[in-house]
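The values are calculated or read from the model by the stated rules, or taken from the named source; none is laboratory data. Nothing here was measured: the structure is a model prediction, and the numbers come from that model. Note that each Cβ is placed from the backbone with ideal geometry, even for glycine, and that neighbours are counted across all protein chains shown. Only protein heavy atoms, including side chains, enter the accessible area calculation; ligands, DNA and RNA are left aside. Shrake-Rupley method; radii C 1.70, N 1.55, O 1.52, S 1.80 Å.
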Amino acid sequence: MKKYTSITLSAQCILFFLLISYEQHLSTASENAANKMYIVYMGERKHSDPSLVVDSHHNVLATVLGTSKETAADSIIYHYKHGFSGFATRLTDSQAKMMAEMPGVVDVIPKMVHKLYTTRSWDYLGLSFSYAANNPYPKSNMGDGIIVGVIDTGIWPESKSFSDQGLGPIPSRWKGACVGGDQFNSSHCNRKLIGARWHNKGVEGEINTTVAMEYFSPRDANGHGTHTASTAVGSLVQDVSFNGLALGTARGGAPRARLAVYKACWNLPGKSGRCTNVDVLKAVDEAIHDGVDVLSLSLGGAASPMASKQDIWLLQAVAKGITVVCAAGNDGPRQNTVDNIAPWIISVAASTMDRSFPSPIMLGNNRTIMGQSTFTGHKETGFRDLGCPGDFTDASSCNCEDIVPDSGMKGKVVLCFASASSDAVINQAIQGVGNIKSSGGIGAIIAIYPTQLIPYYDWQSIIVDYDVGTQIFSYTRSSRKPMVKLNPTKTLVGKPLSTKIADFSSRGPSILSPGILKPDVAAPGVNVLAAFVPKEKKLYQSFAFDSGTSMACPHVSGIVALLKALHPSWSPAAIRSALATTASTTDPFGEPIFTVEEPQMVANPFHFGSGIVNPNRAADPGLIYDMGMTDYVQYLCSIVPSFSADCSSKKHSILNLNLPSITIPNLRGSVTITRTVTNVGPVDSAYVASIEHPLGVKVGVKPLKLAFNSTVKTLSFIVTLSSNHKAIGGYYFGRLSWSNGIHKTKVKYDVVSAALMNNEYQKKDKQVHKDSSSDALTNKQNGSQDESKANGKSKQVEFDVISVKLDGDYTNEEETLVDGISVDLEGEDTGEEETPTQEPPQEQAYSIAASRPKRNIRKPQRFTDMVAYALPMVEECVPTAYKEAKRHSESVEWQNAIDEEMKSLHKNDT
């Protein structure tokens, strides 16, 4: 394995990488414009002494401001002096332009706000104490000695998840500090929580503790930081449940690892958990200085050029050997939304796990339907009246967000429909459901897409999907006196529950860097129970459920801590490779992984990267694809080949970056790439290649056999991909595996997904193109085809994903368009078909149907079908449908079509 050495990045290299951002962030406003906060980024440090770095900041700022160095020093908000050189200050627009032209200044970046994106999850991933002999816990001592830095909303130090019972001394290499403040002092740190800092100068004038609860200290007022920290490295807490739900032992992935907290995200009035790049960069700089081994950041700024600038700062941490793990983003299920896309970052998608909280709903016709709830009561409601809000009040719709307090709902169970399209819409729905409760309602049945638990724990609110909601709605219309009985919630775990990729989890490919497969891997991120800021003086209120890629990220951070403890010499790239090449593309029971979206589909690498992380296999990957700073510099060179002499000395290709995946954005004819693997398994090992071919793409490998011994530890191979397609544009997926037969690093995956860019999917029987023999290879190579045995054992290591996008326009004449639907509003079946050009997400479809509760409406297939037929005919549905379509659609044509319908309706006084 290659030795990991730090090779400093030239300021010019970083400058040109930043220039690929398509935004012009320096304003051309007048010189009299108000001061704004900027980060002045000066690249690598020119001095090893931090005081000299600080002095250089004073010099350049004094020149721009036309003041003395002393005055300039007072104007600096933060110095970045450990991993790199730079500072934060306030400048006018003209001063910012002048600063950008100063010698030694790489870039001037305006302040940017980032968003924040258990008892069962670790057992689901295979880290169970019941089978400890088969997982990394014993040899890694559960991560003891590894320091994980978490940049988030702070910490609730009194949580039992941060107890230091049984831990030894703090690692001697630790250079951090425990910085006090509001209701926090150095005594709150211990041998578990070894460091805590807080950085708020990026939002200092915006914090208002009387409007939004907050502490000027590392103490967490939000709960997000406490949740993520305990998920990554929380100590063992026995018999934790949420008032009976999800009973088990709460713990982090690396329970004996040490924790360093950097609070850079704050509650602002009307904005929960906001983090500026000014504060996040300061936290990264301090973490580098303090000596963390892993950095966990459950935050991002969406997939934007400005957000990609943060990736450069994180590269400075990677240069120090720190593994950086980030959330992939919560902007799914739309494609091209993945965040944290740099190849030196591990970006994590969110999946479900094998746990649910079923709540039986018994209708008056003796039919029982299952919903989901976190109701912690233990009594059934008995049979109660059931209906939409309009059945008990003057409400005109079944939309949850439109519900207002009304005594007519007292003693009733109310059915309503909601959308989980955004946090704002969810909050409106929660407020509406709260109005049912405050009006004396016994409970609520909430049909929501995508399905998402509503946080009511002492009141019976049951979640169902739109399909089930429509069935219940139909019952209320067909029964003279609809009744329902709501039963207590149970906890169900195990095989009956399939794994899915969450609807909110951001999807690839990356627009800014399509040649890099993102996300990298997936981990549990739905309904994760972990430590939280206590709401009451009860144990269960000190633990809470939360969902997001923010919850998936610390799962991987905890696993990385275990791998660092097992393999301290591994580079961040080696750890990333071990995670990727051993991830599972099926669930723990061998079943396919699907997506939560409409239509549901088999997940592909743009949903989960290389698959669901498998910590047990990652501990012993056999082969790794390693990289160092030289490789990352070459990656930057591949973006702008002519920017420096170092890059022009040879041709650089992003395709040859030594990643555990191959992603070719535009395959024209054939292409040949090179990869290098390092043997980290048995010294004398031989691996044989096998291939799953992408649809219509031939793949050749040379050589077909890799033999390692005591003197040969690293070998390279060549992959040639040739397309048989003529004019098809889309991504097709395959896999290259290196095996010596000890055990498979992947569960059998028989279907290679073909994800066309128009979202049409090939049938399964046409997706399988697998051939492990040399006859199917385009380049027949000399060498043994036999399975080689080493020390009586064999092992398989998979080169996880081959993703190929074929260049050209999609011209398949047999493409199946969206099915139309029939809507009967007045007892007449139209039978017409609708073929919209592009669909916004299916949201509030059934709430539109519910707006006319007494009419017979056949179940629609797509949101666009419902809107297309309901808009001209159901006047009370128009405002909601119009608002939702305008908010979510990316299609100008679709918006124009809606506008025309609106004009027509107004013209005809409908």
Notebook entry, point to check: Can you work out the FRET efficiency for the pair residue 177 and residue 725, with r the C-beta to C-beta distance and R0 = 45 Å, to the nearest 0.05?
Noted result: 0.15
Checklist line | Built amide H within the under 5 Å cut-off of residue 295, gap 5+ | finding: 149, 323, 324, 325
Next item on the list: Give the long-range amide H neighbours of residue 533: residues separated by 5 or more places, or on another chain, with amide H under 5 Å away, using H modelled in the peptide plane at 1.01 Å from N.
Entry: 223
Margin query: So if I restrict to the alpha-carbon atoms in region 315-429, what is the Rg, and what is Dmax, the biggest pairwise distance, in Å?
Written below: 21.8, 66
Checklist line | Per-residue ³J(HN,Hα) for region 472-481, Karplus 6.51 cos²θ - 1.76 cosθ + 1.60, θ = phi - 60°, Hz, x for Gly and Pro | finding: 5, 4, 4, 4, 5, 8, 9, 9, 5, 9
Notebook entry, point to check: How much solvent-accessible surface does residue 477 expose, in Å² to the nearest 10, with a 1.4 Å probe and all protein chains in place?
Noted result: 60 Å²
Check: What's the FRET efficiency of residue 404 with residue 239 using the Cβ-Cβ distance as r and R₀ = 45 Å, to the nearest 0.05?
Finding: 0.60
Notebook entry, point to check: Using modelled backbone amide H atoms (1.01 Å from N, in-plane), which distant-in-sequence or interchain residues come within less than 5 Å of residue 330's amide H?
Noted result: 506
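Work out, in µm²/s and without decimals, the Stokes-Einstein translational diffusion coefficient of region 535-638 at 10 °C, 1.306 mPa s, Rh from Kirkwood over C-alpha pairs. Let's see the in-between values first.
Working: Rh = 16.3 Å.
Calculated translational D: 97 µm²/s.
Using the heavy atoms of the protein chains and a 1.4 angstrom probe, tell me the accessible area per residue for region 661-740 in square angstrom.
Numbers: 2740 Å² over 80 residues.
Ligands and nucleic acids excluded, the figure is 34 Å² per residue.
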Notebook entry, point to check: Could you give the Stokes-Einstein D for region 309-383 in µm² per second, using the C-alpha Kirkwood radius, 25 °C, 0.890 mPa s?
Noted result: 146 µm²/s
Note to self: How large is the accessible surface of residue 46 in square angstrom, using a 1.4 angstrom probe and rounding to the nearest 10?
What the structure shows: 130 Å²
Item checked: Largest-first ordering by accessible area, 1.4 Å probe, given options 70, 44, 598 -> 70, 598, 44
Check: When the Karplus curve 6.51 cos²θ - 1.76 cosθ + 1.60 is applied with θ = phi - 60°, which whole-Hz ³J(HN,Hα) does each residue of region 196-207 get, with x for Gly and Pro?
Finding: 8, 10, 9, 9, 9, 5, x, 10, 3, x, 9, 6
Item checked: Calculated FRET value between residue 52 and residue 670, using beta carbons and R₀ = 56 Å, to 0.05 -> 0.60
Item checked: Solvent accessible area, Å² - residue 60, 1.4 Å probe, full protein context -> 10 Å²
